[in-house]
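> Handing you a structure now.
Nothing in this text is a laboratory measurement; each read-out follows from the coordinates by a stated rule. All figures in this text were calculated on a predicted structure; none of them were measured in a lab. As a convention, Cβ positions derive from the backbone with ideal geometry for all residues, glycine included, and neighbour counts pool all protein chains shown.
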Amino acid sequence: MRRLFLIAGLMTAFGLAVLAASATPPASFAGTWSLDKTKSQGLSQGMMNAESVTWTITQDDKQISIDSKVVASQSAAGATPAPAGPGGGAGRGGPMGPRAFNLDGKEATAEVQGGTNTTKATWATDGKTLELSSVRTGSRDGQEFKFTTTEKLSLSADGKVLTVNRHSERPQGPQDSTMVFNKQ
């Protein structure tokens, strides 16, 4: 009987080792990406009017960071900028500051100007789609606010096109968009 348990235990350990070795590593979104407005849908006015929108993504086993840069077009340079949002753009040009997410599936909360920001990254079971969620709460001019954003990142088979399906909930109402980026 002992021998049977020993053999069963060894076979289970061997099976788990084979399964772990054959697991597909998660997708890497690292690189510099340019927004293709012609293929994107539901973009904010700031993004539509921008001369360019670029995401620079760094990623390792523990974290993914997205640094957004929106360059205003000449005609929009004098216009009142749209409010900045996660990965969005204020329309002023220049970097928007990186957004970082831990890839361990746990929530991370940080103090930000006027409140807190809670982020979480979750891999789909296939390791090809990454869902990034962000909840920012706080107070501005005595008014409480809450912004939630969920982005689902996926790559084309050749790794040259990044598609981001974004759903945002803001005091102004919900907004859905699909952003398509080409690798530079």
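> Treating only the Cβ of Lys, Arg, Asp and Glu as charged (+1, +1, -1, -1), what charge dipole size does the range 27-183 show about its Cα centre? Round to the nearest 20 debye.
Here the range 27-183 has a charge dipole of around 240 debye.
> Most exposed first by the Cβ proxy, i.e. fewest other Cβ within 10 Å, how do 149, 178 rank?
Ordered by Cβ neighbours within 10 Å, fewest first: 178, 149.
> Moving on. Residue by residue through the range 162-169, what is 3J(HN,Hα) from phi via Karplus (6.51 cos²θ - 1.76 cosθ + 1.60, θ = phi - 60°)? Round to whole Hz and write x for glycine and proline.
10, 10, 10, 9, 10, 10, 10, 10
> Starting from 0.36 nm per residue, how many nanometres of slack lie between residue 137 and residue 51 once their C-alpha separation is accounted for?
Using 0.36 nm per residue and subtracting the Cα-Cα distance, I get 27.9 nm.
> Please list the non-local residues whose amide H lies under 5 Å from the amide H of residue 52, H modeled 1.01 Å from N, same-chain partners needing a gap of 5 or more.
Excluding prolines and chain starts, which carry no amide H, the hits are 71.
> Quick one: if you take sqrt(5λ) for each eigenvalue of the C-alpha gyration tensor of the range 27-183, what semi-axes come out, biggest first, whole angstrom?
Taking √(5λ) for each Cα gyration eigenvalue gives 23, 21, 13 Å.
> Using a simple spin-label model with points 7 Å from Cα along the Cα→Cβ vector, what separation in nm is obtained for residue 182 and residue 122?
3.4 nm
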